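The values are calculated or read from the model by the stated rules, or taken from the named source; none is laboratory data. Predicted, not measured: the structure shown is a model, and the values here were computed from it. Every residue, glycine among them, receives a Cβ derived from its backbone with ideal geometry; neighbour counts consider all protein chains shown. Remember, those area values only see protein heavy atoms, side chains included, never the ligands or the DNA or RNA. Shrake-Rupley method; radii C 1.70, N 1.55, O 1.52, S 1.80 Å.
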Amino acid sequence: MFTGIITGVGRIAALHALGSSLDHGKRLTVEAPAGFLDDVGLGDSIALNGACMTVTSLDLPQHRFTIDISVESLSKTTGLDQVDQRINLEKALRAHDRLGGHIVSGHVDGLGTVTHFERVGESWELRVMAPPELGKYLAYKGSITVNGVSLTVNSVADSADGCTFSINLIPHTVDHTSLGQLVAGTRVNLEIDTVARYVERMLSAGQSDTPKENA
């Protein structure tokens with residue numbers, strides 16, 4: 001589990017195929033900030049741009065670690081297949097940690113597209129078009145994870161093409177995550193609020209069942 005509070009911005013230093021066919025995934029070598037890996041061990045979970053991955057090797061002197069990512073995960077995420085790409089990093093939540101953002105699982109629910117990213121006063125306004133199937137989980141002042149960052153939804157507008165939501169980014173968020181490099185057209189990883197997922201399931205359970213007539 002994670003909180004969506006980014007604790008470091010890393011860089012994809014190398015990308016290697018795990019096999020010769022299109023069915024094989026990739027091995028990513030990620031360069032982390034100095035000190036980020038001091039309490040990380042083999043097998044630990046780290047979220048990369050919001051996608052939970054497992055540490056498969058560590059090179060502490062070079063501040064680097066590797067993860068193996070499957071073809072399935074590559075097809076369901078964005079920003080994890082380019083060398084030199086800056087990515088948001090978050091280590092897994094510990095039982096005694098503060099829950100500064102919201103409960104995040106590290107499972108990407110869909111890909112959104114940035115439609116607007118401009119400075120407004122001292123902050124930045126970010127608008128993202130989410131797939132239609134995710135629109136029902138987005139609500140005013142609700143939570144959404146964008147590239148692993150826990151954010152608050154300021155507005156929601158549904159359309160035939162999807163659901164556009166807006167977010168206000170303070171300078172600290174822009175400066176300490178990779179969100180500052182976004183431009184219109186950039187695709188981003190989205191994870192909906194876990195609570196919204198369960199509420200939708202509870203409300204929809206049994207609706208498709210056809211009542212049986214009495215014999």
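Give region 49-82 a look and list any residue that's surrounded by fewer than 13 Cβ atoms within 10 Å (Cβ to Cβ) and touching a Lys or Arg at 6+ places or on another chain (Cβ under 9 Å), or say none.
Of everything in region 49-82, just one residue is surrounded by fewer than 13 Cβ atoms within 10 Å (Cβ to Cβ) and touching a Lys or Arg at 6+ places or on another chain (Cβ under 9 Å), namely Ser57.
I'd like to verify a number: residues in region 140-164 that are under 21 Å from Gly100 (Cβ atoms) and within 18 Å of the chain's Cα centre (by Cα), how many?
12
Can you tell me which residue among Glu125, Glu133 is of a type in the set (Asp, Glu) and within 21 Å of Ala51 (Cα to Cα)?
Glu133
Check region 91-109 and report whether any residue there is open to solvent by less than 30 Å² (accessible area, probe 1.4 Å), closer than 16 Å to Val188 by Cβ and in contact with a Leu (Cβ under 6 Å, 6 or more places away or on another chain).
no
Any idea which of Arg27, Arg11, Arg86 is under 28 Å from Leu138 (Cα atoms) and open to solvent by 40 Å² or more (accessible area, probe 1.4 Å)?
Answer to the selection: Arg86.
Residue by residue through region 34-48, note down the ones that are in a loop (DSSP other than H, G, I, E, B) and either more than 19 Å from the chain's Cα centre (by Cα) or surrounded by 16 or more Cβ atoms within 10 Å (Cβ to Cβ) (or both).
Matches in region 34-48: Ala34, Gly35, Phe36, Leu37, Asp38, Asp39, Val40, Gly41, Leu42, Gly43.
Within region 174-185, can one find any residue that is farther than 24 Å from Gln82 by Cβ, open to solvent by 40 Å² or more (accessible area, probe 1.4 Å) and not in a helix (DSSP H, G or I)?
The answer is no; no qualifying residue exists.
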